[in-house]
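Some notes on the structure that comes next.
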Amino acid sequence: MGVLAAAIRFGFCVLLRRIKERMRLVDVEEEDEESGILESMDEVLIEGTGPKRFPYKELVVATDNFSEEGKLGQGGFGGVYRGFLAEQNMEIAVKRMSSSSNQGKKEYISEVKTISRLRHRNLVQLVGWSQKRDSFLLVYEYMPNGSLDYHLFRKKSHLSWPVRYKIAHGLAAGLLYLHEEWEQCVVHRDIKSSNVMLDSNFNAKLGDFGLARLVDHGLGSQTTALAGTMGYMAPECFSTGKASKESDVFSFGVVLLEIACGRKVVEHEAEESEVGLVSWVWELYGGGRLLDAADETLNEEYEKEEMKCLMSVGLWCANPDHKSRPSMRQAIQVLSSEAPLPSLPSHMPVPIYYYPPAGTTSTQISFTCTGEVTNKLELPVPSSSIQMPSVNVGQTE
């Protein structure tokens, strides 16, 4: 019995050592992985010229251990928490991307690398970042007035017409910088009212670059996985799987209409003809009753010509035909009264999709637009052609 007991103890000790060794190897692998991410960041970020790497513990302290009382919002990536850096005497917003995040490491690295190199008054400034194993943190300047959607749809406060027009101009300026004025074209891919942040003076700043992609100037659309938010995504994104400056312009147009009308892009509780914002406003435009779509909470306290201008540019940008949309520079010229209002068709164009002939190997889908207005877009997909993504066009975040 003594020999058996000794053998059992010996076997247990060997097993325990092996378990500890495996745990040590796992820790080393995780440290190596973390080191790889940090080195990847350091290849792009230059010390002292942009965002800094924060010790993880410092951000834990700054956010009071990510206190629920200081939580500013929640998304698919995780939560955003208010914090305070004592040494810098600075308020911050910390975006905490959880290990189960739909965005994950790839989008985390993409967001850091993209926005860290951008400098514009109408873009949310990235202050720093931190990473510890499966916890990813992005540190932004704090926006005291939150996001645009809170004011428009959740009535956090009443936005006067001058403030709304200023927000539209600010967002346009930020997008012009991304599309034309930086060294590369940045396609944001997720422009929506909840990603338009407002500082203490209600200046608009575009944020959330987790889906952004860099494109060389002069190049066309880039093939990507379908990404964005339903309602704000351009029609061609569903058929081609490509994002472009033109698809960003479409999303911008939707936001302009939300600012003018004070309602979401999709209102399920509205009458059938008013569920979709773009189609509803376009119908009023064609009937010469464009101002009927103006936000009622403004009590007609707005400049009528500016309201018509904002809605007209919104429709111009949100044209289902991507070839008929303006560039951001053209849109700004109209918003600034440097160019006349666009001449739009009286009926909203509807994209008609053309599939490759049977027997061809191409998976490209081309489309044109007609002036016919319908409530439903039929896509008769032949069994031999490619599969279209299954989406609910009425779903928004």
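Things worth noting here:
- Residue selection: Asp321 fails the criterion of being in contact with a Gly (Cβ under 6 Å, 6 or more places away or on another chain) and either of a type in the set (D, E, K, R) or more than 19 Å from Pro349 (Cα to Cα) (or both).
- Scanning the stretch 121-133 for residues that are touching a strand residue (DSSP E or B) at 6+ places or on another chain (Cβ under 9 Å), over 11 Å from Ile92 (Cβ atoms) and not aromatic (Phe, Trp, Tyr) turns up Arg121, Asn122, Leu123, Val124, Ser130, Gln131.
- Filtered residues of the stretch 266-290 (kept if in contact with a strand residue (DSSP E or B) (Cβ under 7 Å, 6 or more places away or on another chain) and part of a loop (DSSP other than H, G, I, E, B)): Val275
- Residues that are hydrophobic (A, V, I, L, M, F, W, C) and surrounded by fewer than 24 Cβ atoms within 10 Å (Cβ to Cβ), drawn from the stretch 238-249: Phe238
- Annotation note: Cβ proximity below 6 Å between a residue of the stretch 240-267 that is farther than 13 Å from Val313 by Cα and a residue that is part of a loop (DSSP other than H, G, I, E, B) and at pLDDT 95 or above (sequence gap 6+ or interchain) occurs for Glu246/Arg325; Asp248/Ile191; Cys261/Asp295; Gly262/Asp295.
- Some residue of the stretch 167-187 being part of a loop (DSSP other than H, G, I, E, B) and either in contact with a Cys (Cβ under 9 Å, 6 or more places away or on another chain) or closer than 28 Å to Phe84 by Cβ (or both): no
- In the stretch 209-223, the count of residues that are more than 12 Å from Ser147 (Cα to Cα), modelled with pLDDT of 90 or more and of a type outside the set (Gly, Ala, Ser) is zero.
- Residue-level analysis places Val255 outside the set of residues that are within 18 Å of Leu175 (Cα to Cα) and either out of contact with any strand residue (DSSP E or B) (no Cβ under 8 Å at 6 or more places or on another chain) or assigned to a strand (DSSP E or B) (or both).
- Count of the stretch 308-345 residues which are charged (D, E, K, R) and in a helix (DSSP H, G or I): 3
- Residue that is farthest from the chain's Cα centre (by Cα), among those in the stretch 156-180 that are more than 16 Å from Met307 (Cα to Cα) and free of Cβ contacts under 8 Å to residues at least 60 places away in the same chain: Ser157
- Taken over the stretch 140-166, residues that are in contact with a helix residue (DSSP H, G or I) (Cβ under 7 Å, 6 or more places away or on another chain) and either in a strand (DSSP E or B) or buried (at least 18 other Cβ atoms within 10 Å of the Cβ) (or both) amount to 8.
- Any chance Glu301 is touching a residue at least 60 places away in the same chain (Cβ under 8 Å) and either touching a helix residue (DSSP H, G or I) at 6+ places or on another chain (Cβ under 8 Å) or basic (Lys, Arg) (or both): yes
- Whichever residue in the stretch 267-283 is surrounded by fewer than 19 Cβ atoms within 10 Å (Cβ to Cβ) and hydrophobic (A, V, I, L, M, F, W, C) and, among such residues, is nearest to Ser251 (Cα to Cα): Val275
- Residue within the stretch 291-301 that is part of a loop (DSSP other than H, G, I, E, B) and over 20 Å from Leu148 (Cβ atoms) present: yes
- Among the residues making up the stretch 266-315, a single one is within 21 Å of the chain's Cα centre (by Cα), farther than 18 Å from His347 by Cβ and at pLDDT 95 or above: Val313.
The values are calculated or read from the model by the stated rules, or taken from the named source; none is laboratory data. Please read these numbers as outputs of a predicted model, since none were measured by experiment. Heads up, the Cβs are rebuilt from the backbone with ideal geometry, glycines too, and the neighbour counts pull from every protein chain shown.
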